[in-house]
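To start, the structure itself, in structure tokens.
The values are calculated or read from the model by the stated rules, or taken from the named source; none is laboratory data. Keep in mind the model is a prediction, meaning the values are calculated, not measured. Every residue, glycine among them, receives a Cβ derived from its backbone with ideal geometry; neighbour counts consider all protein chains shown. Quick note on the areas: whole protein, heavy atoms, side chains included, nothing else; ligands and nucleic acids left out. Shrake-Rupley method; radii C 1.70, N 1.55, O 1.52, S 1.80 Å.
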Amino acid sequence: MELRHLRYFVTVAEELHFGRAAARLNMAQPPLSQQIRKLEEELGFSLFSRSKQHVELTDAGKVFLEESRSALARVEQAREAAEKASRGQTGRLAIGFVGSATYHIVPLLQQYRLRFPSVELKLHQMKSGSQLQALHEKSIHLGIVRASIHSPHLNTELFMREPFMAVLPEAHPLAGRQALSVRDLEHEPFILSPRQNGSTYHDAVIHLCYKAGFSPNIALEAPEILTVVAFVAEGMGVALVPASFRHQQNQGVVYRDIREAPVLETAFIWRKDEKAPVLHEFLKLGRTYGGGTKSPIHPA
């Protein structure tokens, strides 16, 4: 039994006239009558009572009509669901991200949810190394990292570039300046996250200080950048953080531009063999996202 046979039957049952049904189906009447006969032979019972002037459903035909309509409706629902999945409009998308990229990705995620409300979005904050492992194990579709990743099995796209800013206690002597040099912080106690919590951010801060001609005096380590900022607010030191963290309106701190304008990059990484439409729709949105300064996208 083919779906077209069900459609033929339902049309004849609705018209109760083979000529009108054939016209609706854009086919000749004899082939339509022949197909209905074949369907009845396959089923082993009559669907219609026929006379020269009249066609009507048998009791079995009435039951078969109801079930045929349900079956065709389910097939249409399945087609629509599959079409949505093929367009990335439904499904599940798992994303790993480093905590220091939070302020960039939250607006992007909000836009994605508005555009694709039927996609189940799973978010996992994890270090860059853990994201590589998760991609290898196929437990996430996409990683959002701060480090440059080079792998023959992964695509990499630059998502965002942002400068560093200095974070100072609001009562700090340097807080009155609009911009600072990294060298201005040479004798200050630094607050920094430990390297094992995120080597890219940690190493970038150390490199900036070395480039300015000094080794930073790390007075305190904090597990997350948000905690770093909170400790600065308590007057326990100064810090260099990605500019997006200026949106964290902690009382007791000020953010100041760094004249050297060093930058920190955020990138998307995903498996080269990943075909999930939900991922590629997310990437399309990411490429048009206007939340900050972006460089041209070049897949690896």
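Go through HIS5, HIS153 and list them by solvent-accessible area, largest first, probe radius 1.4 Å.
Values: HIS5 15, HIS153 130 Å².
Correct descending sequence by accessible area is HIS153, HIS5.
Given (i) 68, 17, 15; (ii) 65, 20, 14; (iii) 28, 22, 19, which label gives semi-axes √(5λ) of the Cα gyration tensor in Å as computed from the coordinates?
Calculated semi-axes √(5λ) of the Cα gyration tensor in Å: the matching label is (i).
Cα-Cα over 21 Å: which of LYS127/LYS211; LYS84/LYS127; LYS38/LYS62; LYS127/LYS275? Don't skip to the answer; put the middle values down first.
Details: LYS127/LYS211 26 Å; LYS84/LYS127 33 Å; LYS38/LYS62 18 Å; LYS127/LYS275 24 Å.
Going by Cα-Cα distance, LYS127/LYS211; LYS84/LYS127; LYS127/LYS275 fall outside the 21 Å limit.
Can you tell me which aspartates and glutamates have their Cα less than 17 Å from the Cα of LYS272? Leave out same-chain residues fewer than eight positions away.
Filter leaves GLU137, GLU157, GLU281.
Considering Cα pairs under 8 angstrom that are at least six residues apart, work out the relative contact order of the chain and quote it in whole percent. Can you show the working numbers first?
Numbers: 493 pairs, mean separation 67.6, N = 300.
Relative CO of the chain lands at 23 percent.
Compute the separation of the alpha-carbon centres of the stretch 1-67 and the stretch 182-232 and state it in Å as a whole number.
Cα centres, the stretch 1-67 to the stretch 182-232: 79 Å.
Taking the Cβ of GLY235 as the center, what net charge do the other residues with Cβ under 13 Å away carry, scoring Lys and Arg +1 and Asp and Glu -1?
Details: positive: none; negative: GLU170, GLU188, GLU234.
Counting the neighbours of GLY235, the net charge comes to -3.
Quick one: putting +1 on the C-beta of Lys and Arg, -1 on the C-beta of Asp and Glu, what dipole do you get for the stretch 125-224 around its Cα centre, in Debye to the nearest 20? Could you put the intermediate results ahead of the total?
Working: 8 positive and 10 negative charges, 50 e Å.
The calculated dipole for the stretch 125-224 is roughly 240 debye.
Relative contact order of the stretch 1-143: what whole-number percent is it, with Cα pairs under 8 angstrom and at least 6 residues apart? Mind showing how you got there, number by number?
Values: 137 pairs, mean separation 26.4, N = 143.
Taking the mean separation of contacting Cα pairs over the length of the stretch 1-143, I get 18 percent.
Could you tell me which of PHE64, LEU180, GLN196 has its Cα farthest along the dipole of the chain towards the positive end, charges placed at Cβ (Lys, Arg +1; Asp, Glu -1), taken about the Cα centre?
PHE64
Solvent-accessible area of ARG79, probe 1.4 Å, all protein chains present, reported in Å² to the nearest ten, please.
110
Which percent, to the nearest 5, of DSSP beta bridges fully inside the chain are antiparallel?
Details: 24 of 41 bridges.
Expressed as a percentage, antiparallel bridges in the chain total about 60.
Based on Cβ point charges of +1 for Lys and Arg and -1 for Asp and Glu, what charge dipole magnitude is obtained for the chain about its Cα centre, in debye rounded to the nearest 20? Present the calculation step by step, with values, prior to reporting the outcome.
On the way: 35 positive and 31 negative charges, 162 e Å.
Charge dipole, the chain, about its Cα centre: 780 debye, nearest 20.
In nm², what is the average projected area of the convex hull enclosing the Cα atoms of the stretch 125-201? Could the numbers behind the result be given before it?
Details: hull surface 28.8 nm².
That works out to 7.2 nm², a quarter of the Cα hull's surface.
With labels modelled as points extended 7 Å from the Cα through the Cβ direction, what inter-label distance (nm, one decimal) is found for GLN111 paired with ASP203?
Label-label distance for GLN111 and ASP203, simple model: 3.0 nm.
How do TYR210, TYR112 rank by accessible surface area computed with a 1.4 Å probe, from largest to smallest? Don't skip to the end; give the middle numbers.
Numbers: TYR210 135, TYR112 0 Å².
Correct descending sequence by accessible area is TYR210, TYR112.
Report the Cα-based extents of the stretch 31-154 along its three principal axes, largest first, to the nearest Å.
Largest to smallest, the principal-axis extents are 80, 31, 22 Å.
What shape does the stretch 1-69 have by the C-alpha gyration tensor, where a ≥ b ≥ c are the square roots of the eigenvalues, rounded means a/c under 1.5, and otherwise prolate means a/b greater than b/c and oblate the rest? Don't skip to the answer; put the middle values down first.
On the way: a/c = 1.40, a/b = 1.16, b/c = 1.21.
Rounded is the answer for the stretch 1-69, as its axis ratio a/c remains below 1.5.
Could you point to the residue in ALA78, THR102, LEU142 farthest towards the positive end of the stretch 66-177's charge dipole, with +1 and -1 charges on the Cβ of Lys/Arg and Asp/Glu respectively?
THR102
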